[in-house]
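Rule-based calculations on the coordinates, nothing more; no lab input. Computed from a predicted structure; not experimentally measured. Here the Cβ positions follow ideal geometry from the backbone for every residue, glycine too, while neighbour counts run over all protein chains shown.
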Amino acid sequence: MLKRFLASVGLAAVLTATVVGGVFAAQSVTVPIAAQNNSGISGTATLTAMGSQTQVVLSLTGEPAGGSEPAHIHTGT
């Protein structure tokens, strides 16, 4: 679920850094994460432009006790 979502986020979210007075101002977008396959896990992904890199912060709810959701981003479709 998370793999497919993050790949979609990479394609759907276009982030740019804006120069304000010679300093980069962070631009961010928050994208909802919907539960898939009756997992009960949902939340948001916030992507923030940080110069030449992008910070990704995931906030998930509904994770079972002791569960683990490794996160990574795939290129392509």
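For ASN37 and ILE73, FRET efficiency with R0 = 30 Å and r from the beta-carbon atoms, rounded to 0.05?
0.90
Can you tell me the order of 45-58, 28-41, 63-76 when each peptide is scored by its average per-residue count of other Cβ atoms within 10 angstrom, highest first?
45-58, 28-41, 63-76
Would you calculate the separation in nanometres between label points at THR30 and GLU63, each defined as 7 Å from the Cα along the Cα-to-beta-carbon direction?
Reported label-point gap for THR30 and GLU63 is 1.8 nm.
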